[in-house]
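Chemist: Sending over a structure as structure tokens; questions will come in a sec.
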């Protein structure tokens, strides 16, 4: 009897020991997979844990982008919830947070506004394409109104692109390819020399020419038939960042950033065949004595109003910033000054051959053999309607 009890006790002890061992092993496994707390600065302009921020926020890290295989910022943002990136016509992308229009979503880089197109329909359309995904540490997305911190531009939310800060010496060179573009990129960290750390990043993108077929008949009888190729060519990004660590109790640091981007792009447009007037005169004659009208009569023919039409774009963006940061036992502080400018040049060429000057078309009411009334219908200036060349320049600053 004693032997049976001893056996039962031994079995029970073994079961308890196995359960405790398994629990300890599971605890060890859980500890080894605990991730570092996600810290976000966009929602409150100070460092805070994601779970402590009242707004709906999301963080996409460089590791997330690497797992996705994102070779541009647009692809990286496909990971985000409640963020819609739609094609804006044939070029660019409209960015919408929580259904708000693109001009109510604010895009920042390291908390700074970058110069860009600023109309209701062009805001943010090209901004994401001009960023170097290889230089991004993380992307912070704050959904919902943030007007109290960032102004009316942030009624839909804020997308803050955080770039990498130099730490250890090292470097990286790589290349990526996709349906939209191919790119080569590099990163060189020079390590810490004294109290200085410096790095430089660069990326050269080649945007592919994508053929989009268009067939359209306008209300005026013009027929467009052919392929459009929008905004293809080269884009170059460079970013130099250098930090000085005071190595004091307040952890003061001084940071300098220099950004440079230029792009040489081209768009090709499908040919359009239209009816054009080559001679001024009457388009129609009415009235009792219309047979007696001797002219002149308007003459027209079919002609290419768009022929081998193409447009060349050269855009250049420059930025510089300096900031001083530190923290005390109670507060963090930051003093920053920055400047960013975007200049845009476009040159359009159209090989069409059309009449020069004004062509007037009218209707004649022949009320008597000697007297007729000319009723103007329309005047045409084909140099203005379909210019052979056109140059445009714009400049934006922040």
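The values are calculated or read from the model by the stated rules, or taken from the named source; none is laboratory data. Given the structure is predicted, the values throughout are model-derived calculations rather than measurements. Every residue, glycine among them, receives a Cβ derived from its backbone with ideal geometry; neighbour counts consider all protein chains shown.
Chemist: Considering only the range 365-397, state which residues are modelled with pLDDT of 90 or more and outside any strand (DSSP E or B).
Modeler: Across the range 365-397, the qualifying residues are 382, 383, 384, 385, 386, 387, 388.
Chemist: A further question follows. Just one of 323, 301, 311, 316 is assigned by TED's automatic domain parsing to the domain that holds residue 269 and modelled with pLDDT under 95; which is it?
Modeler: Matching residue, one of 323, 301, 311, 316: 301.
Chemist: Show me the strands (runs of 3 or more DSSP E) found entirely inside the range 203-278 where at least 3 residues are closer than 30 Å to residue 299 by Cα and without any contact (Cβ under 8 Å) to a residue 60 or more places away in the chain.
Modeler: Of the strands (runs of 3 or more DSSP E) lying wholly inside the range 203-278, those with at least 3 residues that are closer than 30 Å to residue 299 by Cα and without any contact (Cβ under 8 Å) to a residue 60 or more places away in the chain span 211-217, 223-245.
Chemist: Output the number of the condition that residue 397 fails; it satisfies all remaining conditions of (1) in contact with a helix residue (DSSP H, G or I) (Cβ under 9 Å, 6 or more places away or on another chain); (2) within 27 Å of residue 118 (Cβ to Cβ).
Modeler: Of (1) in contact with a helix residue (DSSP H, G or I) (Cβ under 9 Å, 6 or more places away or on another chain); (2) within 27 Å of residue 118 (Cβ to Cβ), only one is false for residue 397: (1).
Chemist: Answer yes if at least one residue in the range 187-199 is surrounded by fewer than 19 Cβ atoms within 10 Å (Cβ to Cβ) and under 21 Å from the mean Cα position of the chain (by Cα), and no otherwise.
Modeler: No, because not a single residue in the range 187-199 is surrounded by fewer than 19 Cβ atoms within 10 Å (Cβ to Cβ) and under 21 Å from the mean Cα position of the chain (by Cα).
Chemist: Of 195, 203, 143, which residue is more than 20 Å from residue 91 (Cα to Cα) and at pLDDT below 90?
Modeler: 143
Chemist: Still on this structure, please answer the following. Taking residue 149 as meeting all but one of (1) at pLDDT below 85; (2) touching a helix residue (DSSP H, G or I) at 6+ places or on another chain (Cβ under 7 Å), write down the number of the exception.
Modeler: (2)
Chemist: So, in the range 328-364, how many residues would count as being more than 40 Å from the chain's Cα centre (by Cα), surrounded by fewer than 13 Cβ atoms within 10 Å (Cβ to Cβ) and part of a strand (DSSP E or B)?
Modeler: Count: 1.
Chemist: Say we look at the range 102-121 and pick out the residues that are in contact with a strand residue (DSSP E or B) (Cβ under 9 Å, 6 or more places away or on another chain) and surrounded by fewer than 16 Cβ atoms within 10 Å (Cβ to Cβ); which of these is modelled with the lowest pLDDT?
Modeler: Across the range 102-121, the extreme among qualifying residues is 121.
Chemist: Let me ask something else. Could you list, in sequence order, all residues of the range 145-179 that are assigned to a loop (DSSP other than H, G, I, E, B), under 15 Å from residue 102 (Cα atoms) and within 20 Å of the chain's Cα centre (by Cα)?
Modeler: 155, 156
Chemist: Related question: In the range 127-144, which residue that is assigned to a helix (DSSP H, G or I) and touching a helix residue (DSSP H, G or I) at 6+ places or on another chain (Cβ under 6 Å) is farthest from residue 85 (Cα to Cα)?
Modeler: Applying the filter and picking the extreme gives 133.
Chemist: May I ask you to list the residues in the range 285-321 that are over 30 Å from residue 228 (Cα atoms) and touching a helix residue (DSSP H, G or I) at 6+ places or on another chain (Cβ under 9 Å)?
Modeler: 285 - this is the single residue of the range 285-321 that is over 30 Å from residue 228 (Cα atoms) and touching a helix residue (DSSP H, G or I) at 6+ places or on another chain (Cβ under 9 Å).
Chemist: Report yes if some residue within the range 267-282 is closer than 26 Å to residue 133 by Cβ and surrounded by 16 or more Cβ atoms within 10 Å (Cβ to Cβ); otherwise report no.
Modeler: Yes; the residues of the range 267-282 include at least one that is closer than 26 Å to residue 133 by Cβ and surrounded by 16 or more Cβ atoms within 10 Å (Cβ to Cβ).
Chemist: Considering only the range 49-64, I want to know if a residue exists there that is surrounded by 10 or more Cβ atoms within 10 Å (Cβ to Cβ), in contact with a strand residue (DSSP E or B) (Cβ under 8 Å, 6 or more places away or on another chain), at pLDDT below 50 and outside any loop (DSSP other than H, G, I, E, B).
Modeler: Looking through the range 49-64, at least one residue is surrounded by 10 or more Cβ atoms within 10 Å (Cβ to Cβ), in contact with a strand residue (DSSP E or B) (Cβ under 8 Å, 6 or more places away or on another chain), at pLDDT below 50 and outside any loop (DSSP other than H, G, I, E, B).
Chemist: Going through the range 377-389 one residue at a time, which ones are surrounded by 12 or more Cβ atoms within 10 Å (Cβ to Cβ) and closer than 21 Å to residue 344 by Cβ?
Modeler: 387
Chemist: Looking only at the range 298-342, count how many residues are under 30 Å from residue 271 (Cβ atoms) and free of Cβ contacts under 8 Å to residues at least 24 places away in the same chain.
Modeler: So the answer is 1.
Matching residues to (1) at pLDDT below 95; (2) in the same structural domain as residue 195 (by TED's automatic domain parsing); (3) under 30 Å from residue 214 (Cβ atoms):
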residue: 228; (1), (2), (3): no, yes, yes
residue: 231; (1), (2), (3): yes, yes, yes
residue: 236; (1), (2), (3): no, yes, no
residue: 242; (1), (2), (3): no, yes, no
residue: 250; (1), (2), (3): yes, yes, no
residue: 270; (1), (2), (3): no, yes, yes
residue: 278; (1), (2), (3): yes, yes, yes
residue: 284; (1), (2), (3): yes, yes, no
residue: 292; (1), (2), (3): yes, yes, no
